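Written below as structure tokens is the structure these notes are about.
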Amino acid sequence: MKKKPIILGIESSCDETAASIITENEQGKPIILSNIISSQVDVHKEFGGVVPELAARSHIEKIDLITKKAIDDSGIKMNDIDAIAATAGPGLIVCLSVGLSFGKTIASLLNKPFIAVNHLEGHALSPKLNSKLDYPYLLLLISGGHTQFLSVQGLGEYKRLGTTIDDAVGEAFDKTAKLLGIEFPGGPQIEIYAKKGDPYKYELPKPIFHKGGCNLSFAGLKTAVLKISKQIKTKQEKYDLAASFQRTIEEILLKKSKIAFKEFEKINNNNKNKFIVAGGVAANKKIRKILENLCEKENFEAIFPPVDLCGDNAAMIAMVGLEKFKLKQFSELDHPAKPRWPLDKDAIFLKGAGVRL
């Protein structure tokens, strides 16, 4: 019986130190043997956000222990590993460098192939860890640093259909939480606050809602929340603002997803349309529900990663490594860390003032 590949994945792009071992069964379905994530919430809590230098130091302190635990928990031996996949970008350069260097070192010591992974591609392929997923599919990537619609044609083949021209949706959640006095990381708490509030109490702006195709903008929304937050006096008003913010985000994602569906269908002629929603914000249950309902109406199949695989993790990095290993798409050991690394290399950079839509 042919040995199934065993991949070690390493992730350190921001404030999670993570390592994972995955393989596959006889039918080619991925199997997670271990998935260890060490959060740095306590390190950054007092600063209200991630401090790159502190994050990098924490990665250095933990990466060997986290990787050893992943190997121990998987039940495999170090020499059983067939390839090492590590995040090479995008992310914080000082953080990326830790995991990337560590992965290269293990690959060199074991004399095994090294695979540099795009963190965004990890999110794009994360649903493969629990769903049968064939190309092409439409991807909505919603995380703390990224918000974009992509047509995924195949491994390494991406066409961007829309993106945020300013803030990412996850960043808008985190900053709104901070304005409401919610302790870092506050983004996920917005949904909890929203359940206790009136979603129609405050009418918030929806920038480029009626133009720009499926491009998005959240900076104006964030500014409006800032202004209202200065006038809030009661806990209930905080709940109401959180609920109004959540509703506004839902309406924006709903409208822009409808447009993305049409754009996707223009370039993909098939009757099995799949809509993948991945990234940290994909764990928001209300957003999941409204997008699932949209897919039912529009004849798309909605697929989400498990909630515990929506945020940054190493299993998704190992998943990309597994796909690339089978195609013998290996990287050189001098592969650089890339703070910016778009999935669609031909897409125009859309950020900042003066963007025409």
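Here, each number is a calculation from the coordinates, and none is a lab measurement. This is a predicted model, so every value here is computed, not measured. Neighbour counts are summed over all protein chains in view; Cβ atoms, including those assigned to glycine, are modelled from backbone coordinates with ideal geometry.
About its Cα centre, the dipole of the range 135-304 is roughly 320 debye, where the only charges are +1 on Lys and Arg Cβ and -1 on Asp and Glu Cβ. Neighbour counts of other Cβ atoms within 10 Å put Phe184, Phe300 in the fewest-to-most order Phe184, Phe300. Over the chain, Cα pairs under 8 Å with separation of 6+ residues give a relative contact order of 24 percent.
At an R0 of 25 angstrom, the distance between the Cβ atoms of Asp198 and Asn293 translates into a FRET efficiency of 0.70. Dipole magnitude for the chain: computed about the Cα centre from +1 point charges on Lys and Arg Cβ and -1 point charges on Asp and Glu Cβ, it is near 820 debye.
Inter-label distance, Lys326 to Phe349: 3.6 nm, where each label sits 7 Å from its Cα along the C-beta direction.
Annotation: peptides 164-170, 195-201, 127-133, ranked by per-residue average of other Cβ atoms within 10 Å with the highest first, follow the order 164-170, 127-133, 195-201. Considering only beta bridges that DSSP places wholly inside the range 135-304, some 60 percent are antiparallel.
Cross-link check: pairs Lys222/Lys255; Lys159/Lys326; Lys77/Lys326; Lys238/Lys289; Lys195/Lys338 evaluated at a Cα-Cα cut-off of 28 Å; pairs beyond the cut-off: Lys195/Lys338.
The calculated FRET efficiency for Glu61 paired with Leu155, based on their beta-carbon distance and R0 = 35 Å, is about 0.55. Relative contact order for the range 135-304: 27 percent, from Cα pairs under 8 Å spaced at least 6 residues apart, divided by residue count. Of the Cα atoms belonging to the range 238-336, the radius of gyration and Dmax stand at 17.3, 53 Å.
The local environment of Leu333, defined by Cβ-Cβ distances under 12 Å, has a net charge of 0 under the rule Lys, Arg +1 and Asp, Glu -1.
Taking the convex hull of the alpha carbon positions in the chain and averaging its projected area over all directions gives 18.3 nm². Each of His123, His335 was scored by other Cβ atoms within 10 Å of its Cβ. Listed from fewest to most, they are His335, His123. Convex hull volume of the Cα atoms of the range 135-304, normalised per residue: 103 Å³.
Ranked by the mean number of other Cβ atoms within 10 Å of their residues, highest first, the peptides 4-13, 111-120, 203-212, 255-264 come out as 4-13, 111-120, 255-264, 203-212. Fewest neighbouring Cβ atoms within 10 Å first, the residues Met78, Met316 line up as Met78, Met316. Residue separation of Asn271 and Asp334 scaled by 0.36 nm, minus their Cα-Cα distance, works out to 18.4 nm of gained length.
Which of the aspartates and glutamates could be linked to Lys328 by a straight reach, that is with a Cα gap under 15 Å, when you skip same-chain ones fewer than 8 residues away? Once the sequence-local aspartates and glutamates are set aside, what remains near Lys328 is Asp82. One way to sum up the overall shape of the range 42-169 is the equivalent ellipsoid from its Cα gyration tensor, whose semi-axes run 27, 23, 13 Å, largest first.
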